[in-house]
Amino acid sequence: MRDDIPIRAGRREWTGLAVLALPTILIGLDMTVLHLAAPQLSEGLRPSSTELLWIVDIYGFLVAGFLATMGTLGDRIGRRRLLLIGAVAFACASLLAAYSVNVGMLIVARALLGVAGATLMPSTLSLISNMFRDAGQRRFAIAVWMTNFSIGGMIGPLIGGVLLEHFWYGSVFLLGVPVGLVLLVAGPILLPESRSPKAGRLDAASVVLSIGTVLPVVYGFKQIAQDGVQEMPFVAVGAGLVIGVVFVRRQFRLTDPMLDLSLFSRPAFGMSLGAQTMGLFVLTGTQFLILQYFQLVLGLPPLEAGLWALPAMTAGVVGTLLAPAVAGRIRPGWVMAGGFAFSAAGLVMIAQVTAESGLALAAIGFSIPAFGISAALALTNDVIISSVPRERAGSASGIGETGAELGNALGVAVAGSVAAAVYRSQMDTGSLPAGLRPDLVEAARSTLGGASGVARQLPRDLGAELLGMARSAFTHGVRVAALVEIGILALLVVMSLALLRRQAPAPDEAELLPPQPELPDAVRESR
């Protein structure tokens, strides 16, 4: 058999794809279910608005920071082995998060979940590239793989809603335990082991520098959103940017860089990566705010809020599966631009929500970008991989995954910070009911969940007045965040048409074929 002929996947590979769906579903589920649990977390642990955002998105930032490292580690020790190690670590960290007794412990547990989660994503995509060598099959397999993010998002609110109706908020973290156990049992049976004989060495300094770039910048913006313009947040942002410059310069000097930044010289690669990162930025930020709107503003219980999110999640699945078929006839740049433009219409609807506008406007407004952005993102991985030489496909997919996770985390961080800043500005101390203790004033100004807790401690009339003010302030923050996201989508439309309009609708299979693994001498001679 010649190595340059695509190998058609069989029953074992497709069954293995179902196993690889589990960690993908787990990540989508873990993100969505935590968005649903945010109100209960606010009341149970009383985090500040900044602490709540750290609880939600420290996971995504550490996933992004460690993805390239774990990809290199998987090349060295075996992708399946790393996947199974990560499944065990994820289950253990989920238990720690479930039984956290304070905010600090939960943030640490979420950070450990991020490190464990970083082992899952590069392993799954690398294994798919090895299992599906035919370009058409691989394109469909990647679309199915991406669909599982939406599936995880769909079942997360439903399962999480049931748990939150009957158990404490920590129960939502336990969902990672059975998924990890199933993966641990089925993985060795159905997944082939693969590793690279030319894997680069791990560069610990690059790992530290990447984390040192992201976290100070995010911390600075969060503090600015919470406390206004102060010296310390600007120092943090500046320090992160300086570390980022050091990180970039180090990557260009290394023989085996953690991130191959030379790939950005290819317009299709850079644009697709940017579209993937910023598309997820908009989608996850919108989801985070809308699920809180359903519960805290409209007063829906968790399960009902999850059911109202189901149309958006279903739309995301449809968009993901439909886009590859359309892209076979229309250039990807046009499909992506159309998806982003369509999504902006939904955010225009979200920009009209109020405390009295009801469910339909928010649910439909959320479903439209869920469909449009998911359709655009279904093509980004394929363009990212097809726009570089096949021997660099591993580096390209690693950078793509890093951008995706960073987009997920930044979406929550930035949209949440914008909404929190607007909320605090609207909840001016002088406009709150007179006579509140300072600690109650701070709790009410910190988050809508905190204001709900304070309202229950007040006489009925005062509580209703405070809650009405807080709900109005929160929806104002949602509207401002939606306007910011509309601007981002408009930019993505222009950039997609400018840089990807000439990208071929159906890349050549030989160009998309991943590098063949080196075979032992005995096997090579037997051929």
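Estimated at 0.36 nm per residue, the fully extended path between PHE234 and ILE77 surpasses their Cα-Cα distance by 52.4 nm.
According to the Kirkwood relation over distinct C-alpha pairs, the hydrodynamic radius of the stretch 244-324 is 16.2 Å. Modelled this way, with points 7 Å down the Cα-to-C-beta line, the labels at HIS166 and ASP461 are 4.3 nm from one another. Take the Cα of LEU96, step 7 Å toward its Cβ, do the same at VAL242, and the gap between the two points is 3.1 nm. As a rough guide to protection, the peptides 442-454, 306-318 ranked by mean Cβ packing within 10 Å, highest first, stand as 442-454, 306-318. On the beta carbon distance between ALA360 and LEU322, with R0 = 41 Å, the FRET formula returns roughly 0.95. The simple spin-label model puts a point 7 Å past each Cα toward its Cβ; for ALA490 and VAL177 those points are separated by 5.0 nm. Spatial offset of the stretch 287-348 relative to the stretch 247-268 amounts to 33 Å, using the alpha carbon center of each. With the charge dipole of the stretch 165-317 set up from +1 on Lys and Arg Cβ and -1 on Asp and Glu Cβ about the Cα centre, the Cα lying farthest toward the positive end among the listed residues LEU215, PHE167, GLY180 is that of LEU215. Taking each pair of different alpha-carbon atoms in the stretch 227-288 once, compute 1/r for the pair, average those values, and report the inverse of that mean as the Kirkwood hydrodynamic radius in Å to one decimal. Every distinct Cα pair counted, the radius reaches 14.5 Å.
Where a number appears in this text, it was derived from the coordinates with a stated rule and is not lab data. Small disclaimer: the values here were computed from a predicted structure and weren't measured. Here the Cβ is made from the backbone with ideal geometry for all residues, glycine too, and neighbour counts use every protein chain on show.
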